[in-house]
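Each remark here refers to the structure printed beneath this line.
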Amino acid sequence: MTDLLSAVERAGVVGCGGAGFPTHAKYNTVAELLLINAAECEPLLGTDRYLVREKAAEICEAAESVRAHLGASEAVIALKKTYRAEIEALSAALLPYPTLRMHLLRSFYPAGDEQTLVFEVTGRTVPPGALPGAVGCVVSNAATLYAVWHALHGRAFTQKYITINGAVSKPCILKTPVGTSFADCLAAAGGSTVRDYIVVSGGPMMGKVFGGEETAELAVSKTTSGFPLLPKDARMAQYAVLNERQTINRARAACIQCSFCTGLCPRRLLGHPLEPHRIMRRISSSDWRGTLPHDSVLQSAALCCECGICELYACPMQLQPRKINALIKQEMRAQNIKPPPFNIDQSLPEFRDERKVPTKRAAARAGVGGYYGEVPMCFAELHPQEVSIALNSHIGAPAEPIVSVGGRVEHGQLIARPPSGALGACYHASISGIITNINNKITIHV
Ligand code: SF4
Ligand code: SF4
(Lines give C-alpha, C1' and ligand atoms only; values in the text may rest on other atoms or scores of the structure.)
(Ligands and ions follow the chains in the order given, each with its own letter.)
Protein backbone atom coordinates (compact mmCIF):
# COMPACT_ATOMS: atom_id res chain seq x y z
CA MET A 1 0.00 0.00 0.00
CA THR A 2 2.63 2.53 -1.00
CA ASP A 3 -0.33 4.49 -2.41
CA LEU A 4 -1.35 5.42 1.13
CA LEU A 5 2.18 6.50 2.02
CA SER A 6 2.59 8.61 -1.10
CA ALA A 7 -0.86 10.21 -0.71
CA VAL A 8 -0.05 11.12 2.91
CA GLU A 9 3.41 12.40 1.96
CA ARG A 10 2.09 14.44 -0.98
CA ALA A 11 -0.55 16.02 1.27
CA GLY A 12 2.08 17.06 3.84
CA VAL A 13 0.43 15.32 6.81
CA VAL A 14 2.36 15.50 10.09
CA GLY A 15 1.37 14.31 13.56
CA CYS A 16 -1.12 16.75 15.06
CA GLY A 17 -0.55 15.58 18.64
CA GLY A 18 2.29 18.05 19.20
CA ALA A 19 5.63 16.81 17.88
CA GLY A 20 4.80 16.95 14.15
CA PHE A 21 6.56 13.78 13.03
CA PRO A 22 5.94 13.30 9.28
CA THR A 23 3.11 10.77 9.09
CA HIS A 24 4.29 9.00 5.93
CA ALA A 25 7.55 8.15 7.74
CA LYS A 26 5.70 6.91 10.82
CA TYR A 27 3.44 4.67 8.73
CA ASN A 28 6.34 3.20 6.74
CA THR A 29 6.36 0.07 8.91
CA VAL A 30 4.27 -2.91 9.95
CA ALA A 31 2.48 -3.17 13.30
CA GLU A 32 0.19 -5.44 15.29
CA LEU A 33 -2.01 -2.60 16.48
CA LEU A 34 -2.97 0.89 15.33
CA LEU A 35 -3.82 3.00 18.35
CA ILE A 36 -5.78 6.21 17.78
CA ASN A 37 -5.36 8.73 20.54
CA ALA A 38 -8.58 10.64 21.17
CA ALA A 39 -7.99 11.02 24.92
CA GLU A 40 -7.09 14.71 24.65
CA CYS A 41 -5.86 14.90 28.21
CA GLU A 42 -4.84 18.59 28.30
CA PRO A 43 -7.51 20.24 30.50
CA LEU A 44 -8.66 23.13 28.27
CA LEU A 45 -8.50 21.56 24.81
CA GLY A 46 -11.49 20.13 22.96
CA THR A 47 -10.22 19.82 19.37
CA ASP A 48 -9.92 16.04 19.14
CA ARG A 49 -13.24 15.66 20.95
CA TYR A 50 -14.86 17.92 18.38
CA LEU A 51 -13.42 15.90 15.50
CA VAL A 52 -14.43 12.57 17.01
CA ARG A 53 -17.94 13.92 17.57
CA GLU A 54 -18.38 15.58 14.17
CA LYS A 55 -16.09 13.56 11.87
CA ALA A 56 -16.34 10.07 13.34
CA ALA A 57 -17.13 8.43 9.98
CA GLU A 58 -14.12 10.04 8.28
CA ILE A 59 -11.77 9.12 11.15
CA CYS A 60 -12.97 5.50 11.13
CA GLU A 61 -12.61 5.25 7.33
CA ALA A 62 -9.02 6.55 7.56
CA ALA A 63 -8.27 4.29 10.55
CA GLU A 64 -9.36 1.23 8.59
CA SER A 65 -7.14 2.22 5.61
CA VAL A 66 -4.12 2.82 7.85
CA ARG A 67 -4.77 -0.41 9.80
CA ALA A 68 -4.82 -2.41 6.56
CA HIS A 69 -1.68 -0.65 5.32
CA LEU A 70 0.21 -1.49 8.54
CA GLY A 71 -0.99 -5.11 8.47
CA ALA A 72 -2.39 -4.61 11.98
CA SER A 73 -5.02 -7.02 13.24
CA GLU A 74 -7.05 -4.19 14.74
CA ALA A 75 -7.26 -0.46 15.30
CA VAL A 76 -8.31 0.88 18.70
CA ILE A 77 -9.66 4.37 19.28
CA ALA A 78 -8.94 5.37 22.87
CA LEU A 79 -11.01 8.08 24.52
CA LYS A 80 -12.29 8.93 27.99
CA LYS A 81 -15.40 7.24 29.34
CA THR A 82 -16.79 10.68 30.26
CA TYR A 83 -16.99 11.68 26.56
CA ARG A 84 -20.61 10.63 26.11
CA ALA A 85 -21.47 12.40 22.84
CA GLU A 86 -18.21 11.28 21.28
CA ILE A 87 -18.76 7.65 22.33
CA GLU A 88 -22.23 7.78 20.79
CA ALA A 89 -20.90 9.19 17.50
CA LEU A 90 -18.11 6.63 17.35
CA SER A 91 -20.37 3.69 18.20
CA ALA A 92 -22.38 4.38 15.05
CA ALA A 93 -19.34 5.05 12.87
CA LEU A 94 -17.56 1.87 13.97
CA LEU A 95 -20.39 -0.45 12.89
CA PRO A 96 -19.09 -1.18 9.34
CA TYR A 97 -15.59 -2.03 10.64
CA PRO A 98 -15.21 -5.29 12.61
CA THR A 99 -11.47 -4.62 12.98
CA LEU A 100 -11.96 -1.27 14.74
CA ARG A 101 -13.02 -0.82 18.36
CA MET A 102 -13.11 1.71 21.17
CA HIS A 103 -11.18 1.61 24.43
CA LEU A 104 -12.54 3.74 27.26
CA LEU A 105 -10.16 5.40 29.71
CA ARG A 106 -10.58 7.02 33.10
CA SER A 107 -10.29 10.80 33.09
CA PHE A 108 -6.75 11.23 34.32
CA TYR A 109 -3.76 13.27 33.27
CA PRO A 110 -1.78 12.45 31.13
CA ALA A 111 -4.00 9.74 29.64
CA GLY A 112 -2.96 10.91 26.18
CA ASP A 113 0.77 10.48 26.76
CA GLU A 114 1.74 8.02 24.02
CA GLN A 115 3.48 5.52 26.27
CA THR A 116 0.85 5.75 28.99
CA LEU A 117 -1.82 5.13 26.36
CA VAL A 118 -0.04 2.05 25.00
CA PHE A 119 0.12 0.63 28.53
CA GLU A 120 -3.54 1.43 29.25
CA VAL A 121 -4.79 -0.26 26.07
CA THR A 122 -2.39 -3.20 25.71
CA GLY A 123 -0.78 -3.70 29.14
CA ARG A 124 2.58 -3.52 27.33
CA THR A 125 5.32 -1.17 28.54
CA VAL A 126 7.25 0.64 25.87
CA PRO A 127 10.90 0.19 26.94
CA PRO A 128 12.57 3.37 28.27
CA GLY A 129 13.84 5.50 25.41
CA ALA A 130 12.03 3.42 22.76
CA LEU A 131 8.99 4.13 20.58
CA PRO A 132 5.62 2.30 20.60
CA GLY A 133 6.82 0.27 17.60
CA ALA A 134 9.01 -1.66 20.06
CA VAL A 135 5.83 -3.31 21.39
CA GLY A 136 4.07 -3.63 18.03
CA CYS A 137 2.05 -0.40 18.12
CA VAL A 138 1.70 2.67 15.93
CA VAL A 139 0.02 5.62 17.67
CA SER A 140 -1.65 8.52 15.83
CA ASN A 141 -4.03 11.08 17.21
CA ALA A 142 -7.57 11.66 15.98
CA ALA A 143 -6.76 14.95 14.22
CA THR A 144 -3.95 13.25 12.29
CA LEU A 145 -6.37 10.54 11.12
CA TYR A 146 -8.74 13.24 9.91
CA ALA A 147 -5.89 14.82 7.90
CA VAL A 148 -5.06 11.34 6.52
CA TRP A 149 -8.70 10.99 5.41
CA HIS A 150 -8.36 14.22 3.42
CA ALA A 151 -5.04 13.01 1.96
CA LEU A 152 -6.68 9.77 0.81
CA HIS A 153 -9.25 11.92 -1.01
CA GLY A 154 -6.53 13.95 -2.73
CA ARG A 155 -6.63 17.02 -0.48
CA ALA A 156 -3.57 18.68 1.04
CA PHE A 157 -3.19 19.34 4.77
CA THR A 158 -4.06 23.05 4.84
CA GLN A 159 -6.77 23.41 7.49
CA LYS A 160 -6.56 23.03 11.25
CA TYR A 161 -9.20 22.67 13.93
CA ILE A 162 -8.11 24.41 17.13
CA THR A 163 -9.59 25.26 20.53
CA ILE A 164 -9.53 28.84 21.77
CA ASN A 165 -10.47 28.84 25.40
CA GLY A 166 -9.75 30.33 28.81
CA ALA A 167 -9.98 34.10 29.30
CA VAL A 168 -11.90 34.80 26.07
CA SER A 169 -15.48 36.04 25.60
CA LYS A 170 -16.59 33.14 23.43
CA PRO A 171 -14.62 29.91 23.88
CA CYS A 172 -14.89 27.96 20.63
CA ILE A 173 -13.54 25.47 18.17
CA LEU A 174 -12.17 27.16 15.07
CA LYS A 175 -11.54 25.75 11.63
CA THR A 176 -8.65 27.86 10.36
CA PRO A 177 -6.24 27.80 7.42
CA VAL A 178 -2.69 26.88 8.51
CA GLY A 179 -0.86 30.19 9.03
CA THR A 180 -3.82 32.15 10.45
CA SER A 181 -2.60 34.69 13.01
CA PHE A 182 -3.40 34.36 16.68
CA ALA A 183 -4.96 37.85 16.47
CA ASP A 184 -7.54 36.60 13.94
CA CYS A 185 -8.30 33.59 16.17
CA LEU A 186 -8.72 35.83 19.21
CA ALA A 187 -11.07 38.16 17.31
CA ALA A 188 -13.20 35.16 16.34
CA ALA A 189 -13.42 34.24 20.03
CA GLY A 190 -14.76 37.69 20.90
CA GLY A 191 -11.50 39.01 22.36
CA SER A 192 -9.91 38.59 25.75
CA THR A 193 -11.78 39.04 29.04
CA VAL A 194 -8.66 40.23 30.89
CA ARG A 195 -6.37 43.15 30.10
CA ASP A 196 -3.04 41.37 30.56
CA TYR A 197 -2.80 37.80 29.41
CA ILE A 198 -0.47 35.09 28.22
CA VAL A 199 -1.23 32.67 25.42
CA VAL A 200 -0.37 29.01 25.65
CA SER A 201 0.22 27.29 22.34
CA GLY A 202 -0.99 23.77 23.15
CA GLY A 203 -2.54 22.93 26.51
CA PRO A 204 -1.93 24.55 29.88
CA MET A 205 0.06 21.56 31.21
CA MET A 206 2.53 21.05 28.36
CA GLY A 207 2.12 24.03 26.05
CA LYS A 208 4.56 26.81 25.26
CA VAL A 209 3.88 30.21 26.85
CA PHE A 210 3.81 33.39 24.76
CA GLY A 211 3.38 36.84 26.25
CA GLY A 212 3.38 40.50 25.22
CA GLU A 213 4.84 41.20 21.79
CA GLU A 214 5.52 37.50 21.15
CA THR A 215 1.81 37.00 20.54
CA ALA A 216 2.00 39.29 17.48
CA GLU A 217 4.14 36.63 15.74
CA LEU A 218 2.01 33.71 16.86
CA ALA A 219 0.10 31.82 14.16
CA VAL A 220 -1.62 28.48 13.64
CA SER A 221 0.86 25.84 12.48
CA LYS A 222 0.35 22.25 11.39
CA THR A 223 0.81 21.13 15.00
CA THR A 224 -1.27 23.77 16.81
CA SER A 225 -4.08 22.21 18.82
CA GLY A 226 -5.24 25.28 20.69
CA PHE A 227 -4.59 28.69 22.17
CA PRO A 228 -5.75 28.82 25.80
CA LEU A 229 -5.57 32.40 27.12
CA LEU A 230 -4.67 32.83 30.78
CA PRO A 231 -4.33 35.88 33.01
CA LYS A 232 -0.76 37.17 33.20
CA ASP A 233 -0.42 36.14 36.85
CA ALA A 234 -1.12 32.44 36.03
CA ARG A 235 1.42 30.04 37.50
CA MET A 236 2.69 29.02 34.06
CA ALA A 237 3.47 32.64 33.25
CA GLN A 238 5.48 33.05 36.46
CA TYR A 239 7.49 29.90 35.69
CA ALA A 240 8.08 30.87 32.07
CA VAL A 241 9.94 34.09 32.92
CA LEU A 242 12.53 32.34 35.14
CA ASN A 243 15.83 31.89 33.34
CA GLU A 244 18.15 28.87 33.62
CA ARG A 245 20.21 30.30 36.49
CA GLN A 246 17.14 31.24 38.52
CA THR A 247 15.53 27.84 37.91
CA ILE A 248 18.62 25.94 39.07
CA ASN A 249 19.22 28.26 42.02
CA ARG A 250 15.66 27.72 43.21
CA ALA A 251 16.17 23.95 42.96
CA ARG A 252 19.41 24.19 44.98
CA ALA A 253 17.89 26.37 47.65
CA ALA A 254 14.44 24.89 48.10
CA CYS A 255 14.23 21.23 47.04
CA ILE A 256 13.39 19.31 50.21
CA GLN A 257 13.87 15.90 48.54
CA CYS A 258 10.34 14.86 49.44
CA SER A 259 10.24 12.83 46.17
CA PHE A 260 6.57 13.65 45.49
CA CYS A 261 7.66 14.49 41.93
CA THR A 262 9.02 10.97 41.47
CA GLY A 263 6.07 9.33 43.21
CA LEU A 264 3.57 10.86 40.76
CA CYS A 265 5.68 10.86 37.59
CA PRO A 266 3.69 8.93 34.94
CA ARG A 267 6.82 7.64 33.22
CA ARG A 268 8.17 6.42 36.58
CA LEU A 269 4.80 4.75 37.12
CA LEU A 270 5.39 2.80 33.92
CA GLY A 271 8.56 1.41 35.47
CA HIS A 272 10.96 3.72 33.69
CA PRO A 273 14.05 4.63 35.75
CA LEU A 274 13.19 8.36 35.89
CA GLU A 275 13.44 9.90 39.35
CA PRO A 276 13.16 13.68 39.10
CA HIS A 277 13.98 14.20 42.80
CA ARG A 278 17.40 12.59 42.21
CA ILE A 279 17.93 14.75 39.13
CA MET A 280 17.10 17.82 41.25
CA ARG A 281 19.85 16.79 43.69
CA ARG A 282 22.42 16.30 40.91
CA ILE A 283 21.60 19.58 39.17
CA SER A 284 22.69 21.36 42.36
CA SER A 285 26.32 20.62 41.47
CA SER A 286 27.94 23.72 39.97
CA ASP A 287 29.67 21.42 37.44
CA TRP A 288 26.63 19.42 36.31
CA ARG A 289 27.52 20.09 32.67
CA GLY A 290 30.96 18.55 33.21
CA THR A 291 29.62 15.45 34.95
CA LEU A 292 26.72 14.95 32.49
CA PRO A 293 28.61 12.59 30.11
CA HIS A 294 29.19 10.12 32.99
CA ASP A 295 26.07 10.60 35.10
CA SER A 296 23.24 8.21 34.25
CA VAL A 297 20.90 9.91 36.76
CA LEU A 298 21.21 13.24 34.95
CA GLN A 299 20.95 11.45 31.60
CA SER A 300 17.69 9.80 32.69
CA ALA A 301 16.11 13.23 32.05
CA ALA A 302 15.94 11.96 28.44
CA LEU A 303 13.04 9.72 29.55
CA CYS A 304 10.89 12.71 30.62
CA CYS A 305 7.85 13.41 28.42
CA GLU A 306 7.52 16.92 29.93
CA CYS A 307 3.95 16.32 31.05
CA GLY A 308 4.32 18.87 33.86
CA ILE A 309 2.86 16.72 36.67
CA CYS A 310 5.99 17.22 38.77
CA GLU A 311 6.03 21.02 38.60
CA LEU A 312 2.38 21.99 38.16
CA TYR A 313 0.88 19.33 40.45
CA ALA A 314 3.30 17.44 42.69
CA CYS A 315 5.96 19.80 44.00
CA PRO A 316 5.03 21.49 47.31
CA MET A 317 7.90 23.97 46.84
CA GLN A 318 6.79 25.18 43.41
CA LEU A 319 10.02 24.01 41.77
CA GLN A 320 10.47 22.98 38.15
CA PRO A 321 11.80 19.45 37.61
CA ARG A 322 10.27 19.43 34.14
CA LYS A 323 12.11 22.58 33.06
CA ILE A 324 15.33 21.17 34.47
CA ASN A 325 14.85 17.94 32.52
CA ALA A 326 14.29 19.97 29.34
CA LEU A 327 17.49 21.88 30.08
CA ILE A 328 19.46 18.66 30.55
CA LYS A 329 18.05 17.23 27.29
CA GLN A 330 19.13 20.40 25.50
CA GLU A 331 22.63 20.07 26.96
CA MET A 332 22.79 16.37 26.00
CA ARG A 333 22.05 17.37 22.39
CA ALA A 334 24.70 20.11 22.54
CA GLN A 335 27.31 17.64 23.87
CA ASN A 336 26.07 14.89 21.51
CA ILE A 337 25.42 12.54 24.44
CA LYS A 338 23.26 9.53 23.61
CA PRO A 339 21.27 8.20 26.60
CA PRO A 340 22.49 4.80 27.85
CA PRO A 341 20.20 1.73 27.68
CA PHE A 342 17.79 1.82 30.64
CA ASN A 343 16.00 -1.10 32.30
CA ILE A 344 12.34 -1.34 33.29
CA ASP A 345 11.33 -1.86 36.91
CA GLN A 346 8.49 -4.34 36.38
CA SER A 347 7.21 -4.11 39.95
CA LEU A 348 6.10 -0.48 39.82
CA PRO A 349 2.93 -0.52 37.71
CA GLU A 350 1.09 -2.41 40.49
CA PHE A 351 0.22 0.82 42.34
CA ARG A 352 0.02 3.17 39.41
CA ASP A 353 -3.80 3.17 39.33
CA GLU A 354 -4.03 4.82 42.76
CA ARG A 355 -1.55 7.49 41.70
CA LYS A 356 -3.32 8.61 38.56
CA VAL A 357 -4.07 12.32 38.76
CA PRO A 358 -7.70 13.23 37.91
CA THR A 359 -7.68 15.77 35.07
CA LYS A 360 -9.94 18.14 36.98
CA ARG A 361 -7.58 18.16 39.95
CA ALA A 362 -4.56 18.66 37.67
CA ALA A 363 -6.33 21.67 36.13
CA ALA A 364 -7.15 23.12 39.55
CA ARG A 365 -3.61 22.70 40.87
CA ALA A 366 -2.18 24.22 37.67
CA GLY A 367 -4.35 27.29 38.29
CA VAL A 368 -6.73 26.84 35.35
CA GLY A 369 -9.57 25.15 37.24
CA GLY A 370 -11.80 28.19 36.69
CA TYR A 371 -11.77 27.51 32.96
CA TYR A 372 -12.12 23.75 33.22
CA GLY A 373 -15.43 22.24 32.22
CA GLU A 374 -17.29 21.13 29.16
CA VAL A 375 -15.43 21.69 25.91
CA PRO A 376 -16.75 24.58 23.84
CA MET A 377 -19.60 23.56 21.55
CA CYS A 378 -19.49 26.80 19.57
CA PHE A 379 -17.84 26.52 16.17
CA ALA A 380 -16.59 29.08 13.65
CA GLU A 381 -14.78 28.85 10.33
CA LEU A 382 -12.19 31.53 9.63
CA HIS A 383 -11.37 33.10 6.25
CA PRO A 384 -8.37 35.35 7.01
CA GLN A 385 -7.02 37.95 4.58
CA GLU A 386 -3.46 36.81 5.24
CA VAL A 387 -1.64 33.69 6.41
CA SER A 388 2.01 33.11 7.39
CA ILE A 389 2.86 29.44 6.98
CA ALA A 390 5.84 28.26 9.07
CA LEU A 391 7.99 25.83 7.07
CA ASN A 392 9.51 24.08 10.09
CA SER A 393 6.53 23.03 12.19
CA HIS A 394 7.47 19.36 11.88
CA ILE A 395 10.31 17.05 12.91
CA GLY A 396 13.00 16.94 10.22
CA ALA A 397 14.55 19.38 7.78
CA PRO A 398 12.67 22.65 7.17
CA ALA A 399 10.81 22.68 3.86
CA GLU A 400 12.33 24.66 0.98
CA PRO A 401 10.10 27.19 -0.85
CA ILE A 402 9.36 26.53 -4.52
CA VAL A 403 7.43 29.79 -5.07
CA SER A 404 8.55 33.41 -5.34
CA VAL A 405 7.45 36.71 -3.84
CA GLY A 406 4.85 38.36 -6.07
CA GLY A 407 3.57 35.08 -7.53
CA ARG A 408 -0.05 33.99 -7.25
CA VAL A 409 -0.94 30.66 -5.60
CA GLU A 410 -4.20 28.77 -5.37
CA HIS A 411 -5.50 27.02 -2.26
CA GLY A 412 -3.94 23.56 -2.05
CA GLN A 413 -0.98 24.36 -4.34
CA LEU A 414 2.42 22.98 -3.28
CA ILE A 415 4.59 25.89 -2.05
CA ALA A 416 7.49 24.17 -0.25
CA ARG A 417 8.96 20.69 -0.02
CA PRO A 418 11.69 18.89 1.93
CA PRO A 419 15.28 18.95 0.68
CA SER A 420 16.01 15.92 -1.53
CA GLY A 421 16.36 12.73 0.52
CA ALA A 422 15.70 14.45 3.88
CA LEU A 423 12.98 13.60 6.39
CA GLY A 424 10.41 16.40 6.22
CA ALA A 425 7.00 17.54 5.07
CA CYS A 426 5.45 19.29 2.08
CA TYR A 427 3.60 22.59 2.59
CA HIS A 428 0.68 23.90 0.54
CA ALA A 429 -1.08 27.24 0.18
CA SER A 430 -3.84 27.35 2.78
CA ILE A 431 -5.61 30.24 0.99
CA SER A 432 -5.51 31.59 -2.57
CA GLY A 433 -3.60 34.85 -3.01
CA ILE A 434 -0.29 36.59 -3.68
CA ILE A 435 2.97 35.64 -1.98
CA THR A 436 4.13 38.73 -0.10
CA ASN A 437 7.09 37.44 1.91
CA ILE A 438 9.34 34.40 2.18
CA ASN A 439 11.78 33.64 5.01
CA ASN A 440 11.27 30.71 7.36
CA LYS A 441 7.57 31.34 6.66
CA ILE A 442 5.63 31.96 3.47
CA THR A 443 3.14 34.81 3.72
CA ILE A 444 0.15 34.84 1.39
CA HIS A 445 -2.25 37.77 1.10
CA VAL A 446 -5.67 37.46 -0.51
S1 SF4 B 1 7.49 16.27 33.45
FE2 SF4 B 1 7.92 15.50 35.48
S3 SF4 B 1 6.25 14.11 35.94
FE4 SF4 B 1 6.25 14.42 33.72
S5 SF4 B 1 7.51 12.78 32.88
FE6 SF4 B 1 8.86 14.50 33.26
S7 SF4 B 1 9.69 14.16 35.28
FE8 SF4 B 1 7.91 12.86 35.08
S1 SF4 C 1 8.56 17.46 44.72
FE2 SF4 C 1 9.74 19.40 44.65
S3 SF4 C 1 10.67 19.58 46.65
FE4 SF4 C 1 9.98 17.46 46.46
S5 SF4 C 1 11.79 16.36 45.65
FE6 SF4 C 1 10.56 16.98 43.90
S7 SF4 C 1 11.42 18.94 43.26
FE8 SF4 C 1 12.16 18.54 45.34
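The values are calculated or read from the model by the stated rules, or taken from the named source; none is laboratory data. Everything numeric here is computed off the predicted structure, so don't read it as measured data. Here the Cβ is made from the backbone with ideal geometry for all residues, glycine too, and neighbour counts use every protein chain on show.
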Exercise for the section: Spot the failing condition for Ile431; the list is (1) closer than 18 Å to Ser181 by Cβ; (2) over 26 Å from the mean Cα position of the chain (by Cα); (3) of a type in the set (A, V, I, L, M); (4) assigned to a loop (DSSP other than H, G, I, E, B), and only one is missed. Expected result: (2)
Exercise for the section: Might you check whether a residue that is modelled with pLDDT of 95 or more and either assigned to a loop (DSSP other than H, G, I, E, B) or over 20 Å from Val199 (Cα atoms) (or both) occurs anywhere in segment 348-369? Expected result: no
Handout entry: Tally, over segment 279-296, of residues that are among the β-branched types (Val, Ile, Thr) and closer than 16 Å to Gln335 by Cβ
Key = 2
Exercise for the section: Only residues that are of a type in the set (A, V, I, L, M, F, W, C), near ligand 2 (Cβ under 8 Å from one of its atoms) and over 22 Å from Gln115 (Cα atoms): list them for segment 242-266, please. Expected result: Ala251, Ala254, Cys255, Ile256, Cys258
Problem - Positions within segment 320-347 being closer than 23 Å to Leu270 by Cα and in a loop (DSSP other than H, G, I, E, B), in sequence order - result: Gln320, Lys338, Pro339, Pro340, Pro341, Phe342, Asn343, Ile344, Asp345, Gln346, Ser347
Fill in the blank from the handout: Note on Val297: of the conditions (1) more than 9 Å from ligand 1 (Cβ to nearest atom); (2) touching a Pro at 6+ places or on another chain (Cβ under 7 Å); (3) of a type outside the set (Gly, Ala, Ser); (4) outside any loop (DSSP other than H, G, I, E, B), unmet is (2)
Handout entry: Failed condition for Ser286, given (1) over 26 Å from the mean Cα position of the chain (by Cα); (2) more than 16 Å from ligand 2 (Cβ to nearest atom); (3) assigned to a helix (DSSP H, G or I)
Key = (3)
Fill in the blank from the handout: Per the list (1) surrounded by 24 or more Cβ atoms within 10 Å (Cβ to Cβ); (2) part of a loop (DSSP other than H, G, I, E, B); (3) modelled with pLDDT under 95, residue check on Val200 breaks on (2)
Completion exercise
In the set Cys310, Cys305, the lone residue that is within 14 Å of ligand 1 (Cβ to nearest atom) and in a loop (DSSP other than H, G, I, E, B) is Cys305
Problem - Of all residues in segment 138-149 being part of a helix (DSSP H, G or I) and touching a Phe, Trp or Tyr at 6+ places or on another chain (Cβ under 9 Å), the one that is nearest to Thr47 (Cα to Cα) - result: Ala143
Problem - Selection status of Glu306, on the phi < 0 side of the Ramachandran plot and among the acidic types (Asp, Glu) - result: no
Completion exercise
Counting only helices (runs of 4 or more DSSP H) wholly inside segment 1-109, the ones holding at least 1 residues that are under 20 Å from the mean Cα position of the chain (by Cα) and modelled with pLDDT of 95 or more are 2-11, 23-26, 47-54, 56-70
Handout entry: Residues that are in a helix (DSSP H, G or I) and free of Cβ contacts under 8 Å to residues at least 40 places away in the same chain, drawn from segment 268-283
Key = Arg278, Arg281, Arg282
Handout entry: Scan of segment 110-137 for residues that are in contact (Cβ under 8 Å) with a residue 60 or more places away in the chain and in a helix (DSSP H, G or I), ordered by number
Key = Glu114, Gln115, Thr116, Leu117, Val118, Phe119, Val121, Thr122, Pro132, Gly133
